Amino acid sequence: MKKLVTMLFLTGSAYCQGVVINEYLPINDACCTDEHGEYDDFIELYNNGSASVDVGGMYITDDLADPTNYQIPTTSPDSTTIAPGEFLLLWADNEAEQGILHVQIKLKGDGEQIGLYASDGAMVVDTLTYGAETADVSRGRSPDGSETWVTFDTPTPGRTNGELGLEKPIIPVTFALDQNY
């Protein structure tokens, strides 16, 4: 049975897992640099659970039809474990050779999808679909880990959303969701 729900993003069973996609920036022209001084797209994960979660072995994708697009390496749990209430920044720059937190996907500024899947490649941890974006303006959950998404004129990668940025509510879009997700 399908039910009509008003929301901007499609989300999976993230609240059961503790980890959510918390903020993203698909057009990083002058906002934030990675450890190599490059302005790369980013995806921020947040652990809203009560236990640490190692995302090593999970999959991240920019195409929900290909949930196993890129597997986050399991070789450095000290870098891929998110403590409760903490953040993990993934650089979506298609340059995995630059480090464990650089993933083999690149976000599109004219809209696409982001998905985080469990290590079995099938169980949805969290997903979203977004439209055309503006350079150096991110979107994120406010407060962190909530279901409410806002726009940040000043992105807050690795920090509490809204700490420095101006929050603007996002106008909801209607999607039909399967209640059995």
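Hey, got a sec? Which GluC sites (Glu not before Pro) in region 78-128 land in a DSSP loop and have at most 16 other Cβ atoms within 10 Å?
Details: sites: Glu86, Glu95, Glu97, Glu112; in loops: Glu86, Glu95.
For GluC sites (Glu not before Pro) across region 78-128 that sit outside H, G, I, E and B with at most 16 neighbouring Cβ atoms in 10 Å, the list reads Glu86, Glu95.
Across region 43-155, how large is the tail of the calculated P(r) beyond 16 Å, expressed as a percent of all Cα pairs?
61
Name the residues whose placed amide hydrogens come within less than 5 Å of the amide hydrogen of Asp41, ignoring near sequence neighbours (fewer than 5 apart) on the same chain.
It is Asn28, Ala92, by chain and number.
Over region 91-149, average the accessible area per residue using a 1.4 Å probe and give it in Å², no decimals.
On a per-residue basis, region 91-149 sits at 39 Å².
Please list the non-local residues whose amide H lies under 5 Å from the amide H of Phe152, H modeled 1.01 Å from N, same-chain partners needing a gap of 5 or more.
Sorted by chain and number, the residues that satisfy this are Ser138, Arg139, Gly140.
Can you list the HN-Hα couplings for region 132-140, worked out from phi with the Karplus curve (6.51, -1.76, 1.60; θ = phi - 60°), rounded to whole Hz and with x for Gly and Pro?
Karplus values, whole Hz, x for Gly and Pro: 4, 10, 10, 4, 6, 10, 9, 10, x.
Taking H as built 1.01 Å from N, whose amide H comes closer than 5 Å to the amide H of Met58, not counting residues under 5 places away?
Residues meeting the amide H criterion: Ile72.
HN-Hα J couplings of region 69-81 from phi, Karplus 6.51/-1.76/1.60, θ = phi - 60°, integer Hz, Gly and Pro as x?
Going residue by residue, I get 3, 9, 9, 5, x, 9, 6, 9, x, 5, 8, 10, 8 Hz, with x marking Gly and Pro.
When ranked by the protection proxy of mean other Cβ atoms within 10 Å per residue, highest first, what sequence do the peptides 113-119, 154-160 form?
113-119, 154-160
At 7 Å along Cα-to-Cβ for each site, give me the label-to-label distance between Glu95 and Gln71 in nm.
2.5
Pop out the ³J(HN,Hα) list for region 38-43 in order, Karplus 6.51 cos²θ - 1.76 cosθ + 1.60 with θ = phi - 60°, rounded to Hz; leave Gly and Pro as x.
3J(HN,Hα) across region 38-43, in whole Hz: 9, 8, 9, 4, 9, 10.
The values are calculated or read from the model by the stated rules, or taken from the named source; none is laboratory data. Since we're looking at a predicted model, the values are computed, not measured. No Cβ is skipped: glycine too gets one built from the backbone with ideal geometry, and neighbour counts run over all protein chains shown. Ligands, DNA and RNA are excluded from the accessible area calculation, which covers all protein heavy atoms including side chains. Shrake-Rupley method; radii C 1.70, N 1.55, O 1.52, S 1.80 Å.
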